[in-house]
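Written out below as structure tokens is the structure these notes cover.
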Amino acid sequence: MSEVKIAAETRTEFGKGAARRIRREDKVPGVLYGHGSDPIHLTFPGHELLLALRTPNVLIALDIDGKSNELAIPKSVQRDPLKGFLEHVDLQLVTRGEKVQVEIPVQAEGELAPGGNLLEYVLDALPVEAEATHIPEGVTVSVEGLEAGASVLAKDIKLPGGVTLAAEEDAVVLQVLAAQAEEASEGAEEGEEAAEA
């Protein structure tokens, strides 16, 4: 897992007006909390933070006001629903060797059994516990040859060393659904047309 260095500044202004001013300067307001310490209100460079957050559970090395160096992981990221830019970020303070609970993305690979079946992601991220400096970027699950009605449970997913499952073992992560018969939907449409005539 890579570590991204970001310079942050403490902020003393709060509220919507202050947040808007910060965002106009291409910066992002945020909060750093954890380890029982008081939350630290920070301002981050917008573009650098946006690039860092493209990696799930990225480990961020914060240089706060050029003095203190802290390690953190993203806990909550708020984006503008239309434009997608960052509005606010909450970071959790972590230390090397500390175990943290995070969600890692699940990705499927392989071809389902023939028949036009559909793969449904019941969970697109898997809750796990891992060392803060060794959080996996994701987990890949083989769905090769799975037929309709088959499912992959959380306990069936092979996790990297040092990572433990933080979800119910019997939680369904992926399931294969039978394809809907097109004839049935076409027949329903024909019936509707006949009723309208």
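The values are calculated or read from the model by the stated rules, or taken from the named source; none is laboratory data. Treat the numbers as computed from the prediction; the structure is a model and nothing was measured. Using ideal geometry, Cβ is built from the backbone for each residue, glycine included, and neighbour counts are taken over all protein chains shown. Keep in mind that these areas ignore ligands, DNA and RNA; they rest on the heavy atoms of the full protein, side chains included. Shrake-Rupley method; radii C 1.70, N 1.55, O 1.52, S 1.80 Å.
Assorted remarks:
- Of the residues making up region 93-102, just one is within 16 Å of the chain's Cα centre (by Cα) and either surrounded by fewer than 17 Cβ atoms within 10 Å (Cβ to Cβ) or farther than 20 Å from residue 165 by Cα (or both), namely 101.
- Which listed residue is more than 30 Å from residue 25 (Cα to Cα) and among the aliphatic types (A, V, I, L, M), from 148, 61: 148
- Members of region 67-85 found to be exposed (fewer than 11 other Cβ atoms within 10 Å of the Cβ) and either in contact with a strand residue (DSSP E or B) (Cβ under 8 Å, 6 or more places away or on another chain) or touching a residue at least 24 places away in the same chain (Cβ under 8 Å) (or both), listed by number: 69, 80
- Screening residue 122 against (1) more than 18 Å from the chain's Cα centre (by Cα); (2) open to solvent by 60 Å² or more (accessible area, probe 1.4 Å); (3) of a type in the set (Val, Ile, Thr) leaves a single unmet condition, (1).
- Subset tally (residues that are over 28 Å from residue 105 (Cα atoms), surrounded by fewer than 16 Cβ atoms within 10 Å (Cβ to Cβ) and not polar (S, T, N, Q)) for region 18-38: 8
- Counting only residues that are open to solvent by 30 Å² or more (accessible area, probe 1.4 Å), of a type in the set (S, T, N, Q) and in contact (Cβ under 8 Å) with a residue 40 or more places away in the chain, region 125-156 holds 0 of them.
- Summed over region 55-79, residues that are part of a loop (DSSP other than H, G, I, E, B) and among the acidic types (Asp, Glu) total 1.
- For region 103-119, taking the residues that are open to solvent by less than 90 Å² (accessible area, probe 1.4 Å) and among the hydrophobic types (A, V, I, L, M, F, W, C), the one that is nearest to residue 137 (Cα to Cα) is identified as 104.
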